[in-house]
Amino acid sequence: MIVAEERGRKLRIKNAKRVEVIRIEVDGCLIDDERLRCDYVFEIGAHCAIYLELKGKDVKHAYQQLAATLGYLESRHVRIERVCHLVASRVPRATPGVIGLKEKMARMHGVLLEIHTREGAVDLSKPPYLAIDRSA
């Protein structure tokens, strides 16, 4: 189990098959200037990247941070599945604003956006994180 946690917000990544996962601290390490950026990126083998923002309640700002980081790392994650996770202390459930952010992420970046309140979970043995052999 891989856990990223900050001020009561948490993402758990279940890795039962022990796939190689590289945890990159983006905020303050990979990007250490004043640009918008998310907190972490997890590279799952050579087939998937999870972008993570752990946020208070400003979901729109978190979206901007994720979108900016997708742009910065676009050449690094070319032709792999990318998924964004936003874990916030409070999220207005199924409001037009939240639904709109998910739709905008899909339309503008071709990326799935998952939004969680306080804690989220990912299972690397399930799509979209699972490596699919496309050569067969």
Net charge of Cβ neighbours under 11 Å - reference C29; Lys, Arg +1; Asp, Glu -1: -2
Can you give the charge dipole size of the chain about its Cα centre, rounded to the nearest 20 debye, using +1 on the beta carbon of Lys and Arg and -1 on the beta carbon of Asp and Glu? 520 debye
Looking at the chain as a GNM with Cα springs under 10 Å, which of A67, A49, A106 has the largest mean-square fluctuation? A106
Note, G56: beta-carbon cut-off 13 Å, +1 each Lys/Arg, -1 each Asp/Glu, net +3
Taking the Cα atoms only, what angle lies between the long axis of helix 96-109 and the longest principal axis of the chain, rounded to 10 degrees? 40 degrees
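At 20 °C and a viscosity of 1.002 mPa s, what translational diffusion coefficient does Stokes-Einstein give for the chain, taking Rh as the Kirkwood radius over Cα pairs? Give it in µm²/s as a whole number. Could the numbers behind the result be given before it?
Details: Rh = 15.1 Å.
It comes out at roughly 142 µm²/s.
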Packing-based exposure ordering (other Cβ within 10 Å, fewest first) of C84, C48, C29: C29, C48, C84
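Do the alpha carbons of any pairs in K17/K126; K55/K102; K17/K104; K10/K60 sit beyond 21 Å of each other, and which pairs? Working shown, then result.
Working: K17/K126 11 Å; K55/K102 16 Å; K17/K104 33 Å; K10/K60 19 Å.
In this structure, K17/K104 lie more than 21 Å apart at Cα.
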Computed [θ] at 222 nm, deg cm²/dmol, the chain (DSSP H ≥ 4; -39,500 (n - 2.57); rounded to nearest 500): -6500 deg cm²/dmol
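Where a number appears in this text, it was derived from the coordinates with a stated rule and is not lab data. Since this is a predicted model, take the numbers as computed values, not measurements. Here the Cβ is made from the backbone with ideal geometry for all residues, glycine too, and neighbour counts use every protein chain on show.
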